[in-house]
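> Sharing a structure here in structure tokens format.
Each reported figure results from applying straightforward, stated rules to the coordinates on display, with no laboratory input. Because the structure is predicted, anything quoted here is derived from the model rather than measured. Virtual Cβ from ideal backbone geometry, glycine too; neighbours counted across all protein chains shown.
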Ligand code: AMP
């Protein structure tokens, strides 16, 4: 199954993608996670991306497309994948179509939610610097010692999850990413879910969509 999880930051795409990637045994590909790894390793790409990311902007399309092309050519992507946080612009979506050719995307799940809820969710989000596991100070707080129960990594608040940058990320989303809803609707692969529901309900909505897509393919 070749899927895209689309939606503003903080809508729960990452949480759902992690759970469903485990359940269906297909990789979750998060361009944000790949970029954070590059930043952490201090690579040339990481150094270029860091400033843009800290300010909540978008890393240039050509860099992102090269990164995705490399990742999708790896053997674990043969059986399918969930793209999380990519594409984020029309240029990226068109570039992805070129990369995939006949093996096009089968489903795009749009996570719908009010921006006020998103702001609250993002500013209360905490993540593990090593494995990317996410926590929420209100609904799913991390252990008091801030050590990840999954991998032993340190749990932190991402710089770009701080209140100052969140509004900018949402503005960028509206301007650059929201037009993708129409783009995929026209291709008849768009499904919308109410991402303000409890995590388990969102998950079961997505599982229903997964079943439908896998029966059709
Ligand atoms: P995320 O973890 O998906 O919220 O991504 C964190 C940051 O990485 C974003 O705010 C962007 O600066 C950058 N980023 C991640 N994915 C992309 C993408 N597909 N295109 C451009 N920039 C991206």
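> If one puts a single equal scatterer on every Cα of region 93-217 and applies the Debye formula without solvent, what log₁₀ I(q)/I(0) results at q = 0.13, 0.20 Å⁻¹?
Relative scattering, expressed as log10 I(q)/I(0), comes to -0.74, -1.22.
> Quick one: work out the % antiparallel among DSSP beta bridges in region 100-217, nearest 5. Could you put the intermediate results ahead of the total?
On the way: 7 of 12 bridges.
In region 100-217, approximately 60 percent of DSSP beta bridges are antiparallel ones.
> Tally the DSSP beta bridges in the chain and give the antiparallel ones as a percent, rounded to 5.
Details: 7 of 24 bridges.
Around 30 percent antiparallel, to the nearest 5.
> With each run of n ≥ 4 DSSP H residues scored as -39500 (n - 2.57), what mean residue ellipticity at 222 nm is computed for the chain after dividing by its residue count and rounding to the nearest 500 deg cm²/dmol?
Values: 9 runs with 102 residues, N = 217.
-14500 deg cm²/dmol, from helical runs alone.
> Cα-based Rg of region 92-161 per 2.2 N^0.38 Å, rounded to two decimals? Let's see the in-between values first.
Working: Rg = 16.9 Å, N = 70, 2.2 N^0.38 = 11.1 Å.
Region 92-161 yields a ratio of 1.52.
> GNM, the chain, Cα, under 10 Å: largest mean-square fluctuation among 204, 30, 21?
Comparing 204, 30, 21 in a Gaussian network model of the chain, the most mobile one is 204.
> Still on this structure, please answer the following. Can you run the Rg to Rh ratio on region 10-130? Use alpha carbon positions and the Kirkwood inverse-distance Rh.
0.95
> Okay, next question. Based on the alpha carbon coordinates of the chain, what radius of gyration and maximum Cα-Cα distance (Dmax) apply, in Å?
That works out to 16.5, 49 Å for Rg and Dmax.
> Need one number: nm distance between label points at residue 200 and residue 44, each 7 Å from Cα along Cα→Cβ, rounded to one decimal.
5.1
> What is the gain in length, in nm to one decimal, between residue 139 and residue 22 on full extension, counting 0.36 nm per residue of separation less the C-alpha to C-alpha distance?
Value of the extension gain: 40.0 nm.
> Right, another one. Fully extended, how many nm does the chain gain between residue 37 and residue 112 (0.36 nm per residue separation, minus their Cα-Cα distance)?
24.2 nm
> Given points 7 Å out from each Cα along the Cα-Cβ axis, report the residue 154 to residue 181 separation in nanometres with one decimal.
The two pseudo-label positions are separated by 3.9 nm.
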